[in-house]
1. Anything in the stretch 129-156 that is closer than 22 Å to Ile52 by Cβ and touching a helix residue (DSSP H, G or I) at 6+ places or on another chain (Cβ under 6 Å)? List them, or say none.
2. Met113 fails exactly one of the following numbered conditions: (1) among the aliphatic types (A, V, I, L, M); (2) assigned by TED's automatic domain parsing to the domain that holds Tyr124; (3) modelled with pLDDT under 90. What is the number of that condition?
3. Quick one: is Gly22 of a type outside the set (S, T, N, Q), under 14 Å from the mean Cα position of the chain (by Cα) and modelled with pLDDT under 90?
4. Please name all residue pairs, on different chains or six or more residues apart, with Cβ atoms under 8 Å, provided the first residue is in the stretch 19-33 and is more than 16 Å from Lys86 (Cα to Cα) and the second residue is of a type in the set (Gly, Ala, Ser).
5. Val128: surrounded by 14 or more Cβ atoms within 10 Å (Cβ to Cβ) and modelled with pLDDT under 90, yes or no?
6. State yes or no: is Ile125 in contact (Cβ under 8 Å) with a residue 12 or more places away in the chain and more than 25 Å from Lys20 (Cβ to Cβ)?
7. Being in contact (Cβ under 8 Å) with a residue 40 or more places away in the chain, more than 16 Å from the ligand (Cβ to nearest atom), of a type in the set (A, V, I, L, M, F, W, C) and surrounded by 12 or more Cβ atoms within 10 Å (Cβ to Cβ) is true for just one of Leu61, Leu84. Which residue is that?
Amino acid sequence: MRCIECGHLKDKVIDSRISKDGTSIRRRRVCLKCDHRYTTYENVERTELKVIKKNGKSESLNREKLFQGMVKACEKRPVSVDQLNKAVDAIINNIHRDHDMEIPVRKIGLRVMSKLHELDHVAYIRYVSVYRRFDNVKEFIKEIQSLENPSYRRQLEEQIK
Ligand SMILES: [Zn+2]
């Protein structure tokens with residue numbers, strides 16, 4: 001970076017911080033010649049991913065929407081905002097890793113289910129009850145019972161692929 005004060009080309013990074021949503025890095029730099037301090041931002045360049053909805057229409061992948069859905073499921077549960085932020089970041093990173101242009105909404109739901117299953121079973125069941133729209137109580141009970149099955153997560157992960 002060229003120093004905006006003296007034009008010198010050499011600087012030193014004195015602090016690096018990742019933004020809350022994990023998509024940018026803020027760096028504090030100091031010019032090695034005149035000691036002027038300034039800040040730079042680094043962002044990942046990503047192609048915009050489209051979410052294909054059940055009705056065939058598409059919309060942009062929305063981190064906030066994803067996050068709010070999980071917050072709702074975790075209401076009054078022992079899951080912190082920090083844990084949820086990390087979970088959403090992981091989901092979004094994995095989506096970008098596995099999909100270039102578009103992703104069916106169903107596959108996002110499965111990823112959220114898998115994360116919630118990892119974080120809190122009650123939150124998971126809440127999310128699933130909205131997401132899967134059970135037709136009867138029997139189906140719902142079956143879902144709750146299957147939580148205790150050790151291979152359950154693995155089955156979930158397989159559906160994501
Ligand atoms: Zn300088």
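1. Passing the criteria: Tyr131, Leu156.
2. The failed condition is (3).
3. Answer is yes for this residue.
4. Hits for this filter: Arg26/Ser16; Arg26/Ser19; Arg27/Ser16; Arg28/Ser16.
5. In short, yes.
6. Considered against the rule, which asks whether it is in contact (Cβ under 8 Å) with a residue 12 or more places away in the chain and more than 25 Å from Lys20 (Cβ to Cβ), Ile125 comes out as yes.
7. Leu61
The values are calculated or read from the model by the stated rules, or taken from the named source; none is laboratory data. Keep in mind it's a predicted model, so treat the numbers as computed, not measured. In this analysis, Cβ positions are derived from the backbone assuming ideal geometry, glycine residues included, and neighbour counts consider all displayed protein chains.
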